[in-house]
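Visitor: Please find one structure pasted underneath; my questions will follow.
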Amino acid sequence: MRSRHPRLGQTSAGAQCNHVPLRLAALSEPLLAQVAKAPEQTLAQLCQWVQAEHGVQVAPATMGKMRIPRHGGHDSTLKADT
């Protein structure tokens, strides 16, 4: 922000342009279907399912970044052991 103020006159934070797409973005539909089928699964169990069904190895931390629709139309992330 400080470097933009003299150049552009902006005093607020700029847009973040360095976002990396999630590794699981291509598997979002099958993954959401699996979560809907068995919502009690832990992140580790979902990681095992993704590896067995799709051959993609991911860590629970990556799985936790997936956004899933919840009641009321709000998105939330998957949780480890809830």
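Visitor: For the range 16-39, enumerate the residues that are in contact (Cβ under 8 Å) with a residue 40 or more places away in the chain and out of contact with any Ser or Thr (no Cβ under 8 Å at 6 or more places or on another chain). Can you show your working first?
Guide: Kept after step one, since they are in contact (Cβ under 8 Å) with a residue 40 or more places away in the chain, are these residues of the range 16-39: 22, 24, 35.
Correct list: V35 only.
The rows are residues; the columns are (1) at pLDDT 85 or above; (2) polar (S, T, N, Q).
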position	(1), (2)
L31	yes, no
P39	no, no
A44	yes, no
G55	yes, no
A61	yes, no
R67	no, no
G73	no, no
T77	no, yes
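Visitor: Run G14 past the list (1) of a type outside the set (V, I, T); (2) modelled with pLDDT under 85; (3) part of a helix (DSSP H, G or I) and report the number of the one that doesn't hold.
Guide: (3)
Visitor: Give the range 21-51 a look and list any residue that's in a loop (DSSP other than H, G, I, E, B), loosely packed, with under 15 Cβ neighbours inside 10 Å and not aliphatic (A, V, I, L, M), or say none. Walk me through it before giving the result.
Guide: Kept after step one, since they are in a loop (DSSP other than H, G, I, E, B), are these residues of the range 21-51: 21-24, 38-42.
Pick out the ones that are also loosely packed, with under 15 Cβ neighbours inside 10 Å and you get 21, 38-40.
Of everything in the range 21-51, those that are in a loop (DSSP other than H, G, I, E, B), loosely packed, with under 15 Cβ neighbours inside 10 Å and not aliphatic (A, V, I, L, M) turn out to be P21, P39, E40.
The values are calculated or read from the model by the stated rules, or taken from the named source; none is laboratory data. Computed from a predicted model, the values in this text were never measured in an experiment. Cβ sites come from the backbone with ideal geometry, for glycine too, and all protein chains shown count toward neighbours.
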